[in-house]
Every structure is written in structure tokens, then in C-alpha cells.
1. Using a ≥ b ≥ c from the Cα gyration tensor of the stretch 11-77 (square roots of the eigenvalues), is it rounded, prolate or oblate, where a/c under 1.5 gives rounded and otherwise the larger of a/b and b/c decides, a/b for prolate?
2. Report, ordered by chain and residue number, the lysines lying within cross-link reach of K146, taken as a straight Cα distance under 21 Å and ignoring same-chain residues fewer than 8 apart.
3. Within the stretch 74-105, which residues have the backbone N less than 16 Å from the label spot 7 Å out from T149 along Cα→beta-carbon, could you tell me?
4. Which part of the stretch 1-25 falls in the paramagnetic zone of S107, meaning amide N under 13 Å from the point 7 Å along Cα-to-beta-carbon?
5. Over the Cα atoms of the stretch 1-47, what radius of gyration and what Dmax do you get, in Å?
6. Give me the one-decimal Kirkwood hydrodynamic radius in Å for the chain, with the sum taken over alpha-carbon pairs.
7. Most exposed first by the Cβ proxy, i.e. fewest other Cβ within 10 Å, how do V139, V35, V30, V71 rank?
8. Do me a favour and compute the ellipsoid semi-axes for the stretch 80-124 from its Cα gyration tensor, root of five times each eigenvalue, largest one first, whole Å.
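Every read-out reported here was derived from the displayed coordinates using simple, explicitly stated rules and does not represent laboratory data. Since the model is a prediction, treat every value here as computed from it, not as a measurement. Virtual Cβ from ideal backbone geometry, glycine too; neighbours counted across all protein chains shown.
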Amino acid sequence: MLEPIYFYTKTGPFYELSNFAPYGFEAEGVYWPTVEHFFQAQKFTDPSYRERVRLAPSPREARALGQSRAVPIRSDWDSAREELMFKALCLKFQRRELQTLLLSTDSRPLVEASPFDHFWGAGQDGSGQNRLGHLLEQVRLQLAAKAET
């Protein structure tokens, strides 16, 4: 088994893989400062609230706005969230330097070492679903296949 690559903190290795890393992209005709901003905004159908999330001064604040239930989230969120995360990751990893970094991980497992998130990350005890890591591995596979052509 290959040694996993753990990422999470700003000071740790491979922080660039984090949704909080400051690599923005354009989607829906506007600029999104981070994957976190884009992803959190997608939870809502209210255009003004989505814009508020997009303009949040930091990914931490975008996440806080996205976790608020003062504004209702879209009814299909649970079934749409992974597809939307994958879309955001594909947009983020259009950057050449990020493609190079992701491809440099070869086929090692990618693990978001969030102690708090058992869906997107590994959770405190490592038993989380690590969906972010798995989606990054899918992006890596796509980039590798594209590089071979």
C-alpha cells in the first residue's frame, strides 16, 4: 500500500489541495476566490445570499455562511454536493502549477486530515469517508489521462 498524502493545514505539506487554499477560478461568469467559496454558495438558490458567500473575505467566513440555516438550502443538496465539488475541483486544477502538484502525487491516496469532517475528510479517528480526497484522486486520474494524449 502506498503511503497516503495528508493535507489540511495552511502550514502543512500539500495545503494547495485544500479547499481553503487561495486558488480562485471563474465559474458562472464570476470569479470565485476559493473552492470553499464556490461550494458553500452552491447550497443556496437565493442569488443575493450566494453572492454574499462569494464575496466573503475568507474561506472560513464563506464556510460559516454556508453552514448557516438562516437561509434555506436547496432541496437536492445531498444528491448534488459531490458533483458540485468535483466541478469546482476541476476548475481549480485547470491551473498548470496545481496540475503539476496533483500529478506529482502519483497514485498515492489523498486524505483530507480534517479532524472535524467525517464526510469530506478523515475525521478525528481516521474513519471518515474522505470524499474530498477521493474526488481529488478522480481529478488526478483525468489529468493523467489527458497528459497521455
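1. Prolate.
2. K87, K92
3. Answer for this model: 94.
4. 1-3
5. 13.8, 46
6. 15.8
7. V30, V71, V139, V35
8. Taking √(5λ) for each eigenvalue gives 21, 16, 8 Å, largest first.
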